[in-house]
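The values are calculated or read from the model by the stated rules, or taken from the named source; none is laboratory data. Given the structure is predicted, the values throughout are model-derived calculations rather than measurements. Using ideal geometry, Cβ is built from the backbone for each residue, glycine included, and neighbour counts are taken over all protein chains shown. Remember, those area values only see protein heavy atoms, side chains included, never the ligands or the DNA or RNA. Shrake-Rupley method; radii C 1.70, N 1.55, O 1.52, S 1.80 Å.
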Amino acid sequence: MSIFEEGYRTPAGPSRNRPHGNLTMLRVAVLLTFAILTVRLFDMQIINGAEYARRSEENHIIRTNILPTRGLIVDRTGEALVQNVGVYSATLLPELLPRNPDQRYRLYLRLEQLIGVSALEVQTLVEEAESSGIGYIAITLRTNLTAQQALALDEASVDMPGVSLEVTPGRRYIGGNEFAHILGYIGAQSPEEVSRLRAQGYQLNEPVGKDGIEARYEGDLRGQAGYNAAEQDAQGRLVTQLATQDPVPGNTLELAIHAGLQRYITQLLLDNMRDSGSTWGPATVAAAVVMDPNTGEVLALVSIPTYDNNIFAEADIRQQELVNLHNDTATFTLLNKPLTAAAPGSTFKIVTAAAGLEEGNITEFTSHYVGCALEITGETGQIFEYPDWRCHGQLFDVRGALAWSSNVFFFLTAGGDLKTTRGLGEDVNTSGTILATWARRFGFGQPTGIDLYGEAAGLIPDPAWKRRHYVGEPWGPGDDEWFLGDTYNSAIGQGNVLATPLQITRMTAAIVNGGRLVTPHVVNRVIGPDGEVVRTIQPRYQDVGVSQKTLEIIKEGMLGSVQYGAGARAALSITSVAGKTGTAEFFKPSGQLSQHAWFTGFAPYNNPEIVVTVYFDVGVGGDKAAPVAARIMDYYMRNVSR
């Protein structure tokens, strides 16, 4: 029988007699709970809805970068040249400020008491940020707070919504002023840098390298930023910690620079700026380069005058010093002088000698009698006189001409005399072009590629260059023509020829390393935070295309210069030195004629370890630069481990 047919029957058993009190209580509890929730919901949404909405808006998810520790910079012996320090700054986040204008201004007045920034200035900064729609970006009110100011601000900020004490990575350059042009400095991002660096994950308050190694190796030194994500209330207090990632410190840079040698040369140049007995007066600018000719390692790169690169971090208390530094138009202190071009004078005769020997218009046996000057008869019969720097009164081959730095010999080598002696080419224009081509083979007219910014390319003129530049005012018809005198001037590093001390060093290195144009570098190794080598800077070369025979002849001429010629004051008893002097005429801004003093050389002669180039803006090469170069080589031989 189906249960449907049978009908529903009340179950039998004890369940029929169960009490109903428990079920009633449960029902009452459920109804009461819903009633409480309803009242609470009504209170939150209707009665106090605006207040809770305001609180919700004022709680923020804040994601801040944790700036990494910047990598150190050490010299080749491990001496630290920089020190990481914390820079205390007062910041203000406009979107967390009280909405009441009176409360805001009281906060501004309190800031004025704590950090010395006027309340009106703070108000202006906040209003500008809010009107620009960037109230969510913290404003840096003042940096380089003293420890006392930082402590006071940190304590007071608890009751000052939007105010924070920020500690950012800073640098202290402890090596000395001698390293300013090499190391550079770090500083705040410029408006032009902000958008580019933000795309790379930088925060607005994160310092960046501005010059020197700090700028060139920014990617290695910076490290990798971490971050902290948290919910904060309207007072900036932590509500919930959401996530965090630790930063990765930057890499350490080990330089090729020898700190002791760098300091010695700096003081040596300063001691020799005064007039050395000539009629030219004291020097105001000087430079020196010491480089391994085989690897391109730069052991010293000295620029005079120098400066304290800590000044940029202390700009708020050294403002006038910084203004004076930027406005220096007498010596341009901020320019790195080894990378700044000047007329190279007779050091350039090395290029002219190589060009003549390689082109075949002279051999090692070619000789010319050199008196006091070379006389050339022009097309109209006019006599043009091109003087030597002294009356030699003797016969010179190329070795002797290099040793005694004869102008006349290299005039004839480069341009001939339009009669019996042929120059580098079949005519004046071709000779000028060929000489310029050889100069570029030796790296002139282009940057060396050193791992520093701000390097000048120098200038190598030729007929095509003159046609492009000698047009318009103040030039007249025919001024753009290349004359024999242009070739003569270029042959001895005068006229429009410009070269940096580093380019001269690189040229000399090519003479002694077998004809390879090496790329200079001031960094040797990049070392990770774990002490492991990330990478080593490898030597890079470009072949000049000159024969070993030509190189040997030039080296012998340079040896003669120090043993018996114009560079005799570079001689040392401790080692054999070879080199080339240079004295280049120029006109000062006042119109007064003056001379640059140069010397470039190498030692030891049979197994060269270093090339040294010395430059003074005023002086005579053999008298002023040569003896300084000798003392540099002497210090190197006695004090630098090899």
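The set of residues from the stretch 240-280 being surrounded by 13 or more Cβ atoms within 10 Å (Cβ to Cβ) and in a strand (DSSP E or B) comprises Gln245, Val248, Thr252, Leu253, Glu254, Leu255. Considering the stretch 281-298, the residues that are open to solvent by less than 10 Å² (accessible area, probe 1.4 Å) and in a strand (DSSP E or B) include one that is nearest to Ile257 (Cα to Cα), namely Val298.
When each of Leu325, Leu339 is tested for being more than 23 Å from Gly400 (Cα to Cα), surrounded by 15 or more Cβ atoms within 10 Å (Cβ to Cβ), free of Cβ contacts under 8 Å to residues at least 40 places away in the same chain and under 22 Å from the mean Cα position of the chain (by Cα), the lone residue that passes is Leu325. Scan the stretch 77-89 and tell me whether some residue there is open to solvent by 50 Å² or more (accessible area, probe 1.4 Å), assigned to a helix (DSSP H, G or I) and in contact (Cβ under 8 Å) with a residue 24 or more places away in the chain. Scanning the stretch 77-89, I find no residue that is open to solvent by 50 Å² or more (accessible area, probe 1.4 Å), assigned to a helix (DSSP H, G or I) and in contact (Cβ under 8 Å) with a residue 24 or more places away in the chain, so the answer is no. Being surrounded by 23 or more Cβ atoms within 10 Å (Cβ to Cβ) and in contact with a Phe, Trp or Tyr (Cβ under 7 Å, 6 or more places away or on another chain) is the filter here, so list the residues in the stretch 386-403 that pass it. Passing the criteria: Ala401, Ala403.
Residues in the stretch 366-385 that are loosely packed, with under 12 Cβ neighbours inside 10 Å and hydroxyl-bearing (Ser, Thr, Tyr): Tyr369, Thr380.
Can you tell me which residue is least open to solvent (accessible area, probe 1.4 Å) among those in the stretch 581-612 that are without any contact (Cβ under 8 Å) to a residue 12 or more places away in the chain and in a strand (DSSP E or B)? So the residue we want is Leu593.
Within the stretch 308-322, the set of residues being surrounded by 17 or more Cβ atoms within 10 Å (Cβ to Cβ) and either over 17 Å from the mean Cα position of the chain (by Cα) or in a loop (DSSP other than H, G, I, E, B) (or both) comprises just one member, Ala313. Scanning for something within 20 Å of the chain's Cα centre (by Cα) and either within 20 Å of Ile527 (Cβ to Cβ) or touching a residue at least 12 places away in the same chain (Cβ under 8 Å) (or both), does the stretch 190-199 turn up at least one residue? Scanning the stretch 190-199 turns up at least one residue that is within 20 Å of the chain's Cα centre (by Cα) and either within 20 Å of Ile527 (Cβ to Cβ) or touching a residue at least 12 places away in the same chain (Cβ under 8 Å) (or both). Each residue in the stretch 399-417 was checked for being out of contact with any Lys or Arg (no Cβ under 8 Å at 6 or more places or on another chain), under 20 Å from Pro461 (Cβ atoms) and not polar (S, T, N, Q), and 4 pass. Any residue that is without any contact (Cβ under 8 Å) to a residue 60 or more places away in the chain and over 28 Å from Thr340 (Cα atoms) - is there at least one of those in the stretch 458-465? No: zero hits. On the basis of being touching a Lys or Arg at 6+ places or on another chain (Cβ under 9 Å) and either at pLDDT 95 or above or open to solvent by 10 Å² or more (accessible area, probe 1.4 Å) (or both), does Gly565 make the cut? It is false that Gly565 is touching a Lys or Arg at 6+ places or on another chain (Cβ under 9 Å) and either at pLDDT 95 or above or open to solvent by 10 Å² or more (accessible area, probe 1.4 Å) (or both).
Within the stretch 92-126, if we keep just the residues that are more than 21 Å from Leu204 (Cβ to Cβ) and touching a residue at least 24 places away in the same chain (Cβ under 8 Å), the residue that is most open to solvent (accessible area, probe 1.4 Å) turns out to be Arg110. In the stretch 479-493 there is no residue matching the filter, namely being within 15 Å of Arg441 (Cβ to Cβ), surrounded by fewer than 18 Cβ atoms within 10 Å (Cβ to Cβ) and either in contact with a Pro (Cβ under 7 Å, 6 or more places away or on another chain) or not hydrophobic (A, V, I, L, M, F, W, C) (or both). Scanning the stretch 140-155 for residues that are open to solvent by 20 Å² or more (accessible area, probe 1.4 Å) and part of a helix (DSSP H, G or I) yields Ala147, Gln148, Gln149, Leu151, Ala152, Asp154, Glu155.
Checking Asn496, Asn524, Asn489 one by one, the residue that is in contact (Cβ under 8 Å) with a residue 60 or more places away in the chain and of a type outside the set (D, E, K, R) is Asn524 and no other.
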